[in-house]
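**Q** What follows is a single structure, and I will ask about it in a moment.
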Amino acid sequence: MAGQRAGASDGGAGWWENEPPQGDAYRQDAPYRDDAPSQGVPRRRAGSHDDAPAPGGRAESRRAQARGSAATPPRGAAATPPRSGRRAAPAAEPETESAGGSGAGGRAGSRRAAAQGRRKPRRTKKIIIWSVVGATVAVVGSGGYVYWRLNANISAFDGEGISKDRPAAAEADAQGRRPMNILLIGSDSRSGNNKDLGGGEEGGARSDTTILLHVYADHKHAVGVSFPRDALVNVPKCMLPNKSWTKPQANAMFNSAFSVGNSEQGNPACTQNTVEALTGLRVDHTIVVNFEGFAAMTKAVGGVEVCLPNAIYEKDLNPNLPKKGKEIYPKGVQTVEGQAALDYVRLRHGIGDNSDVGRMQRQQAFLSSLIKSVKSKGMSPTNLLPLADAATKALTVDPDLAGVDKLLNLGTSLKDIDLHDIKFLTTPWHYEKERIGLNHPQVDQLWAALKADRTLDGEDASGGEQSPAPSEPAAPPSSAPPAPTANGAGIKVGVYNGTTTAGLGTKAATTLKGANFTVTSTSNASNQNHATTVVQYGSGQKANAQAVAALFPGATIEAGSTAGIALVLGKDYAAGAGAGTATSGGAADPGPVASSVANSARSADDDVCSNVSYGS
């Protein structure tokens, strides 16, 4: 693997069983096969449906009484037989005189004549009633059948494999709403028809894609964080198919967690345990989607619009080919579904530096486009039923999500999020030889912000009640000096937390903005052991640095090595500001994530061709 970029191999994935690593080659030469449509449930007819009416009864008695009249056909005359397959019609009533007659005539005849006059409206009324009842039953029955069908599609993984040592669940806000963390895993299992779509001959399953979707308590914001599959992390103990548990594994590849046990279904519980241990966030639900289901979902929505920065050739899809081959996908915007959609999200070679990093960016762009497509078509049952059918066939979920009603509630909770407020980003990372390492403390600050339900730009989206602003500003204590005044109009300042106390950057930025300074970034300093607050300035910026320092009593100024102004907060400021403000949920405010991380995020409404490649 020497010389390969991160993401170019699945080496080391079998640490738990000491087997040789498996490759990641895949082929695209097999056609996509749709499943045969499921057959409807035929209606059953009662066994007595075509039986002839039983003889006897009052009608037969009346006919027997009338056989002696002149209107009765001669004895021995042949009766007209009923047509084959039809029920025999009752014999016709004999005509009688209505004036002064007896027996079958007289008042009885009048009653029969009246009854015959009423019989047709009564029959019509019955038809209408049964038509309404039948239609109602059909609607209710079809709904029940659809529910049964979708419910039967869903499979759940074994919840016994979920760790008992888990982060605490998020607290509800004043309205009873909670943030949700949903773990989305794309499985490259080669079982069944997945093999035709993903290629490769090896067994088992790997996590081709893993995204933690954090839905904020206000249900107006969401952010999806991609985990590089080659990232080096600590995998906690996980349950094997035989119910025994592995030992924790340090410095293992992230996607090796899904392969623990080497089963065709993968090990979603182990991946969930790994994410919880890594982030400190409790995963509320886990959803696994396989190749076949993914392809079917893209067909159900009529395709997804994507963009390629350059044309893709046969060798890009299968690097083992000796030649470049034919062009498979052109450069630019195009709509893909089925196999082509799967190729797009799995494609690694032929774009950028051939790494998994660029592929994650295209996966984020694809999901953004998919969400946009579903929302643009509306959320009606007509539009959602084909997608729901395809999706439920593709899903393996945690036991608490195994039901159509639960999935429906989950989907409903996401429908009001605006596209611009759905963000995607990748964990802060760096190359570590052929693998990927996570950047600290930036990644820690990201998890802290999500735990506090802070958006990437620092907004509190916990949904809690905000404290009302006082009608009049409170008078400062008599012992405190008056707040210094400054006018920072036109002065740009970068804010850096030089301590381990969370939330200082947000406090300082608020102070600066209140004095009309422009805050360009808020992040952690490279050294977080600063005793005092320092304002560093570039050439020609000394006067502006002094204006900044005036807002932070005790701060000193010094010439820096870079242009502009940087405010580095020290422990003296932490002592005066306290240990961070409290959010509505009671947790310390961690402040916004590093600006470099926040600025790398894409919104679901971004241009489809933006940010779909990494490296050269």
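Only the coordinates and a few stated rules stand behind these numbers; no lab work does. Since we're looking at a predicted model, the values are computed, not measured. Methodologically, a virtual Cβ is constructed for each residue, glycine included, from the backbone with ideal geometry; neighbour enumeration extends over all protein chains shown.
**Q** DSSP loop (so not H, G, I, E, B), at most 15 other Cβ within 10 Å: list which GluC sites (Glu not before Pro) in region 431-460 pass both filters.
**A** GLU459
**Q** Let me understand region 492-578 better: what is its radius of gyration from the alpha carbons, and its Dmax, in angstrom?
**A** My reading of the Cα-based Rg and Dmax gives 11.4, 34 Å.
**Q** Would you mind checking which residues have amide H under 5 Å from THR209's amide H? H placed 1.01 Å from N; only 5 or more apart, or other chain.
**A** It is GLY186, by chain and number.
**Q** May I pose another question? Under 21 Å Cα to Cα from LYS220, which lysines show up? Leave out anything in the same chain fewer than 8 places away.
**A** Cα-Cα hits under 21 Å: LYS372, LYS375, LYS377, LYS406, LYS415, LYS423, LYS451.
**Q** If amide hydrogens are placed 1.01 Å from N in the peptide plane, which non-local residues have theirs closer than 5 Å to the one on THR286?
**A** Under 5 Å from the amide H of THR286 lie the amide H atoms of LEU183, ASP398, each far enough along the sequence or on another chain.
**Q** Two decimals is fine: what's Rg over Rh for region 160-452, C-alpha atoms, Kirkwood radius as Rh?
**A** 0.95
**Q** Still on this structure: Once amide H atoms are placed 1.01 Å from N in the peptide plane, what residues at a sequence separation of 5 or more from GLU432, or on another chain, have their amide H within under 5 Å of its amide H?
**A** Amide H neighbours of GLU432: GLY437.
**Q** Mind checking which lysines have their C-alpha under 20 Å from LYS331, skipping anything on the same chain fewer than 8 residues away?
**A** Output for LYS331: LYS315, LYS323.
**Q** Treating cross-link reach as a plain straight distance, find the lysines whose alpha-carbon is under 18 Å from the alpha-carbon of LYS492, omitting any fewer than eight places away in the same chain.
**A** Correct list for LYS492: LYS507, LYS513, LYS542.
**Q** Expressed as a whole number of Å, what is the distance separating the alpha-carbon centroids of region 543-559 and region 242-287?
**A** First find each Cα centre; the distance between them is then 49 Å.
**Q** Quick one: net charge of ALA604's neighbours, Cβ under 10 Å, K/R +1, D/E -1?
**A** 0
**Q** I need the phi-derived Karplus couplings for region 531-541: 6.51 cos²θ - 1.76 cosθ + 1.60, θ = phi - 60°, integer Hz, Gly and Pro marked x.
**A** For region 531-541, the Karplus curve yields 7, 10, 7, 10, 10, 9, 9, x, 4, x, 10 Hz.
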